[in-house]
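**Student:** Next up is a structure, given as structure tokens.
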Amino acid sequence: MKSVVVNTGGKMTVEELPAPELKGCGDVLVRIAYSGLCGSDIPRIFANSSHFYPITLGHEFSGHVVSLGKDIHDLKEGDAVACVPLLPCFECAECMKAAYSQCKHYDFIGSRRGGGHAEYVVVSRKNLFKLPEKASLLQGAFLEPITVGLHALKLAGGCQDKEVIVIGAGTIGQLIIQAASALGAKSVTAIDINPQRLALALETGASHAFNSATLSADDIRQKTHERRFNQLIIETAGTPQTVALSLDIAGPKAQVALVGTLHKDLTLNVATFSHILRKELTLLGSWMNYSAPWPGSEWQQATQLFAEKKINLEALISSIGAPKEFVREVTALAGKPMTGKILLDMTGS
């Protein structure tokens, strides 16, 4: 089978590897349709931060069931499925409390083991979400990233009638903007330093957009003053500056959900830290996208949003290509963030 293999030093190759085979009674062989590049994959490719090399990445994928272990009775050959990449042990104290993302004995598709940037992959049944009949395989490849945002909304008690502010309008941020708009937010404000991302946000669900490269925190706070109450601020960019910005612009008693992953140390000055106390802010840490019953209501909610045609995916896609084209597009990033989702298309293989 064809597989996109990542080696040290950011070298990516398309290789012919043996097709995987079922090993356990609870395993499923999946033929991949689409597999997306995640922002978390970029340091794995370009910064030697993967657990091992060579590796086939990919944890945002969809495909069809090819064969199943004998203990599986709720899937059949030909079923369309999407990847649920985390595999908790389901036995530790954290798992017993449904804190699946806190499991100390977990496995993870496309990180701790090979993933979906290939023609085929074998995974546990628990790593698959069966797609509804009318869901497309392209939507299936976006299930994992959209549930990241839906998980943050779930932790915040939803976004109905709230003034939602999304800091960071990359793929995760754009999906949150669309979801919040669809789920009854009173307003949705996008903040980014990229004019194209802000324009896209306004086209797909944001009611306001501000460029934090040209506006100070004081400027943005003044522009959101009329919407300062009942705020839910969601930080997705994962930089010290944007975390500080989320606290600086927050209104009284705002919720601040931290979704972005930091790669540099965060230092808050006295004034920024005092906002947490003086404004009585609620800080929410959001990690991954799972709840009980496994894999969580977020995944059902995502398919409902797709069924209701509330999510525009085409606007978020930078490229969809076969393996060699996919490698070219990813290599061209040279370690920089994506401007739009890059997808591997295996449907023609």
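The values are calculated or read from the model by the stated rules, or taken from the named source; none is laboratory data. Everything numeric in this text was worked out from a predicted model, so none of it was measured. Methodologically, a virtual Cβ is constructed for each residue, glycine included, from the backbone with ideal geometry; neighbour enumeration extends over all protein chains shown. Note: areas computed on protein heavy atoms with side chains; ligands, DNA, RNA excluded. Shrake-Rupley method; radii C 1.70, N 1.55, O 1.52, S 1.80 Å.
**Student:** Condition first: open to solvent by 20 Å² or more (accessible area, probe 1.4 Å) and over 24 Å from residue 132 (Cα atoms). Now tell me which residues in segment 57-91 satisfy that.
**Tutor:** Those that are open to solvent by 20 Å² or more (accessible area, probe 1.4 Å) and over 24 Å from residue 132 (Cα atoms): 89, 90, 91.
**Student:** I'm trying to understand the selection: among the residues of segment 112-127, which are open to solvent by 10 Å² or more (accessible area, probe 1.4 Å) and in contact with a His (Cβ under 7 Å, 6 or more places away or on another chain)?
**Tutor:** Listed by number, the list holds a single entry, 112.
**Student:** Check segment 101-110 and report whether any residue there is within 29 Å of residue 12 (Cα to Cα), in contact (Cβ under 8 Å) with a residue 60 or more places away in the chain and open to solvent by less than 60 Å² (accessible area, probe 1.4 Å).
**Tutor:** Scanning segment 101-110, I find at least one residue that is within 29 Å of residue 12 (Cα to Cα), in contact (Cβ under 8 Å) with a residue 60 or more places away in the chain and open to solvent by less than 60 Å² (accessible area, probe 1.4 Å), so the answer is yes.
**Student:** If we only count strands (runs of 3 or more DSSP E) wholly inside segment 190-269, which ones have 2 or more residues that are in contact (Cβ under 8 Å) with a residue 12 or more places away in the chain and open to solvent by 20 Å² or more (accessible area, probe 1.4 Å)?
**Tutor:** Qualifying strands (runs of 3 or more DSSP E): 208-211, 255-258.
**Student:** Condition test on residue 37, is it open to solvent by 10 Å² or more (accessible area, probe 1.4 Å) and in contact with a Leu (Cβ under 8 Å, 6 or more places away or on another chain)?
**Tutor:** no
**Student:** Separate question: Return the only residue of 297, 286 being surrounded by 18 or more Cβ atoms within 10 Å (Cβ to Cβ) and either small (Gly, Ala, Ser) or at pLDDT below 95 (or both).
**Tutor:** 286
**Student:** Answer with yes or no whether residue 158 is more than 14 Å from residue 290 (Cβ to Cβ) and open to solvent by 20 Å² or more (accessible area, probe 1.4 Å).
**Tutor:** Spelling it out, residue 158 is indeed more than 14 Å from residue 290 (Cβ to Cβ) and open to solvent by 20 Å² or more (accessible area, probe 1.4 Å).
**Student:** Just checking, how many residues over segment 284-303 are part of a loop (DSSP other than H, G, I, E, B), free of Cβ contacts under 8 Å to residues at least 24 places away in the same chain and either over 9 Å from residue 98 (Cβ atoms) or of a type in the set (Gly, Ala, Ser) (or both)?
**Tutor:** Result for segment 284-303: 0.
**Student:** Let me ask something else. Please find, among 314, 280, 308, 325, the residue that is farther than 25 Å from residue 238 by Cα, of a type in the set (Asp, Glu) and open to solvent by 80 Å² or more (accessible area, probe 1.4 Å).
**Tutor:** From the options 314, 280, 308, 325, the qualifying one is 308.
**Student:** Answer yes if at least one residue in segment 261-281 is aliphatic (A, V, I, L, M), more than 30 Å from residue 17 (Cβ to Cβ) and touching a strand residue (DSSP E or B) at 6+ places or on another chain (Cβ under 9 Å), and no otherwise.
**Tutor:** There is at least one residue in segment 261-281 that is aliphatic (A, V, I, L, M), more than 30 Å from residue 17 (Cβ to Cβ) and touching a strand residue (DSSP E or B) at 6+ places or on another chain (Cβ under 9 Å).
**Student:** Additional query: Just to be sure before I move on: is residue 315 under 14 Å from residue 139 (Cα atoms) and of a type in the set (Gly, Ala, Ser) in the structure I sent?
**Tutor:** In short, yes.
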